[in-house]
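Input: a single structure, listed below in structure tokens.
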Amino acid sequence: MPASTEKRGAAGMSDAAVKAKTGRDWGEWVAVLDKAGARKLDHKGIVKIVGETHKMGPWWRQMVTVGYERVCGLREKNQTASGYSVSKSKTLAAPIAAAFRVWDDKRTRAKWLKESGFTVRKATKNRSMRITWVDGETHIEVMFYAKGAGKSMVTVEHKKLADAKAGEKMKAYWGAALERMAETISARS
């Protein structure tokens, strides 16, 4: 069954863009993958078909597979194979070292981040932090980017969330937390 224009919009990339890079628009991909039995397969099975049969690189295999799953109602926005994932970012008028410091220093972090019972699994100075959240189930990936003289950006991706509602809640949580983080950095300057 051909994908409606409305459903094609769920793919996350326009028909024109996917056709320019893959030779097929979303309607064509749905027809080809449906014919191959993709609706009965899991994500890895669909990726395998796209990769082996259609000779695409890893990034485009994933892009086509996720787009197909969204168009066909097999995957929702922000849904991944391991749950839901949401992200927030904040650009700061501060160097990357200042941004990293407010995350890395427990006392400073306690001033802006409400939760404290999480585990920092790995931290790479001025680059990234990998955190197991307070629930012991979900994971946080914090990335730090230099954005020129005296500017930086922090992105937080919260992974393995149970459902879309949990994703919305945590997206709002991180939006507010990053605002408090920015205020903390400004107060220290």
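The values are calculated or read from the model by the stated rules, or taken from the named source; none is laboratory data. Quick caveat, the model's predicted, so the values are computed rather than measured. When we count neighbours, we look across all protein chains shown, and the Cβ atoms used for this are built from the backbone with ideal geometry, even at glycine.
Tell me the helices (runs of 4 or more DSSP H) entirely within region 27-124 that contain at least 2 residues that are closer than 23 Å to Lys147 by Cα.
96-104, 106-112
What residue, among those in region 36-55 that are under 22 Å from the mean Cα position of the chain (by Cα) and closer than 12 Å to Leu74 by Cα, is surrounded by the most Cβ atoms within 10 Å (Cβ to Cβ)?
Here the residue is Ile46.
Could you give every pair whose Cβ atoms fall below 6 Å, whose first residue belongs to region 13-33 and is at negative phi, and whose second residue is exposed (fewer than 14 other Cβ atoms within 10 Å of the Cβ) and at pLDDT below 90, counting only separations of at least 6 or pairs across chains?
Gly27/Pro2
Looking at Val64, is it modelled with pLDDT of 90 or more, within 14 Å of Arg75 (Cα to Cα), in contact with a helix residue (DSSP H, G or I) (Cβ under 6 Å, 6 or more places away or on another chain) and not acidic (Asp, Glu)?
Here the answer is yes, as Val64 does meet what is asked.
Would you check if there is a residue in region 155-163 being modelled with pLDDT under 95, loosely packed, with under 14 Cβ neighbours inside 10 Å and within 16 Å of the chain's Cα centre (by Cα)?
Taking every residue of region 155-163 in turn, at least one turns out to be modelled with pLDDT under 95, loosely packed, with under 14 Cβ neighbours inside 10 Å and within 16 Å of the chain's Cα centre (by Cα).
Could you go through region 94-115 and let me know if any residue there is at positive phi, surrounded by 17 or more Cβ atoms within 10 Å (Cβ to Cβ) and not assigned by TED's automatic domain parsing to the domain that holds Met63.
Taking region 94-115 and keeping what is at positive phi, we get none.
There is no residue in region 94-115 that is at positive phi, surrounded by 17 or more Cβ atoms within 10 Å (Cβ to Cβ) and not assigned by TED's automatic domain parsing to the domain that holds Met63.
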